[in-house]
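Structure first, then comments.
The values are calculated or read from the model by the stated rules, or taken from the named source; none is laboratory data. As the structure is a prediction and not an experimental result, all values here were calculated from the model. Please note: Cβ atoms are built from the backbone with ideal geometry, for glycine as well, and neighbour counts cover all protein chains shown.
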Amino acid sequence: MRQFQNILVTGGAGFIGSNFVRHVFSRPEFSGRVVVFDALTYAGNRHNLDDVAAAEGGRYEFVHADIRDAAAVGAAMEKFDVDCVVHFAAESHVDRSIREPAAFVETNVLGTLNLLQAARARGGAFKLFHHVSTDEVFGSLGPTGFFSETTPYAPHSPYSASKAGSDHLVRAFRDTYGLPVTITNCSNNYGPYQFPEKLVPLMVLNALEGKPLPVYGEGLNVRDWLHVEDHCAAIWTVMRRAAEGETYCVGGRCEMRNADVVARVCALVDALAPAPLPSGAPRSSLVVHVADRPGHDRRYAIDCSKLERDFGWKPAHDAESGFRETVLWYLSHAEWVDSVRTGAYREWIDRNYGDRR
C-alpha cells in the first residue's frame, strides 16, 4: 500500500480539490504534507481551505500559480520535494468550452503536459501521478448500458475532447517513460463548495432568490450523480491501493434526469427554506426551458463494479441523503455563497446567464 509524504494537489482550491484535501487530512494513515497548487481563476477560492490552513499548520502549503506555467510547476515540485501529484486542475464548464475552446486546450492538455514533465524530472523520488478525469470522454449512451474502463473514447464537446487528450497524455507518459500513474473517470459530482455555475448549486441559489431556473431542452438528459465525498474516498483508495497504470470508473449509482434533479432541489428548498414566492407557487414554477446545448450528450451512466470488487468501495450517499445534505449546506453557508457570487464570478454569470434570470 502506497505512502506519500508530499502531495501536490492541482486545483486544490476548487470544488472537488478542496473536498479532497479535507479527506486526505482526515485519514489517520497520512502524516505528510499537502501542497495546493491553484491559479485561483473564477472557480477557485483560497478561502475554501481556511479551516484546513488553520488546523494543519506546516502540513498545508498553498502555491498561487497556473499549471500552464511550466517553470512554476517545476519549482513547486522541487521546493516541496513532491512525491505524488493529484491532478484536479481543469477548465470544466461545457458551455464555456463551446465559447472559448482554446482556453480548455491550453489548461487541460498543455497544463497536464507541464505537470507530467515535472513529475518525470523527479526521477525515482516520484511515487504516483493520479489523474482525475470525467465520464464525458466516453461520449453518450443510449437508454441502456454503462460506461466502464474499457469503453472507447468518443468526446463530443471541446471540454471532453481536451480531457480525453489529457488522459491519453498520462497513459503515454506511463508507456513511454515509465511514469507511475493511475486514472479515475468520474460521473457528475455534487456537494459542498461547488461553484454555482453547475446545475445543483445554481438551482439551489436561484430557487432561494426566486429567479428563473434554466433547464436545457426538456431536461431529459440523464446523468449519474456522485457525491463529492464519495468521489474523494474513491480517489484516495485508488491512489493507495491500485496497481500502477490502472484506470477506475467512479459513479454514484444514482441516475437521474436533469428535470428530476431540478424538481428534487426545488422540493428540498421549499421544505427547508419555506419562505413562499410572491405568487405562493412552489419553486418548481420557476423552471424555464431554454435552447439545448450544442452536442449535448443524452445519457451518462457509470459501471463502478471494478472499484467495488477490487477494494470494497461503495458510495455512502444516495439521492435522498446526498441532495438533502447538499441543499442544507448551501442554506447554512450564506457567507461562502456571497463571497463567490461577487467579482469575477458575478461578471461571468451576468455575461452568460443574464438573460435567463
Tabulated pairs, region 152-175, first of a type in the set (D, E, K, R), second outside any helix (DSSP H, G or I) and modelled with pLDDT of 95 or more, C-beta under 6 angstrom, 6+ apart or interchain: 163/133; 163/134; 167/133; 174/181; 174/245
Exclusive hit being surrounded by fewer than 16 Cβ atoms within 10 Å (Cβ to Cβ) and within 17 Å of the chain's Cα centre (by Cα), set 96, 46: 46
Exclusive hit being touching a helix residue (DSSP H, G or I) at 6+ places or on another chain (Cβ under 8 Å) and either surrounded by fewer than 16 Cβ atoms within 10 Å (Cβ to Cβ) or of a type in the set (Gly, Ala, Ser) (or both), set 142, 124, 74: 74
Some residue of region 163-178 being touching a Lys or Arg at 6+ places or on another chain (Cβ under 8 Å) and outside any helix (DSSP H, G or I): no
Subset of region 111-137 (residues that are part of a helix (DSSP H, G or I), of a type in the set (A, V, I, L, M) and under 19 Å from the mean Cα position of the chain (by Cα)): 115, 137
Any hit, region 273-291, residues being in contact with a Cys (Cβ under 6 Å, 6 or more places away or on another chain), touching a residue at least 12 places away in the same chain (Cβ under 8 Å) and over 30 Å from residue 157 (Cα atoms): yes
Condition check for residue 119: surrounded by 18 or more Cβ atoms within 10 Å (Cβ to Cβ) and either touching a residue at least 24 places away in the same chain (Cβ under 8 Å) or on the phi > 0 side of the Ramachandran plot (or both): yes
Out of 78, 61, 106, sole residue that is part of a helix (DSSP H, G or I), more than 26 Å from residue 294 (Cα to Cα), acidic (Asp, Glu) and free of Cβ contacts under 8 Å to residues at least 60 places away in the same chain: 78
Only listed residue being of a type in the set (D, E, K, R) and modelled with pLDDT of 95 or more, chosen from 68, 96, 46: 68
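Here's the yes/no breakdown for (1) modelled with pLDDT under 95; (2) among the hydrophobic types (A, V, I, L, M, F, W, C):
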{"site": "137", "(1), (2)": "no, yes"}
{"site": "142", "(1), (2)": "yes, no"}
{"site": "147", "(1), (2)": "no, yes"}
{"site": "150", "(1), (2)": "no, no"}
{"site": "155", "(1), (2)": "no, no"}
{"site": "161", "(1), (2)": "no, yes"}
{"site": "167", "(1), (2)": "no, no"}
{"site": "177", "(1), (2)": "no, no"}
{"site": "182", "(1), (2)": "no, no"}
Test for residue 193: is it under 21 Å from the mean Cα position of the chain (by Cα), part of a loop (DSSP other than H, G, I, E, B) and over 20 Å from residue 270 (Cα atoms): yes
Criterion (β-branched (Val, Ile, Thr), out of contact with any Lys or Arg (no Cβ under 9 Å at 6 or more places or on another chain), at pLDDT 95 or above and surrounded by 16 or more Cβ atoms within 10 Å (Cβ to Cβ)) met by exactly one of 35, 9: 9
Output for region 235-262, where each listed residue is touching a Phe, Trp or Tyr at 6+ places or on another chain (Cβ under 7 Å), assigned to a loop (DSSP other than H, G, I, E, B) and not hydrophobic (A, V, I, L, M, F, W, C): 252
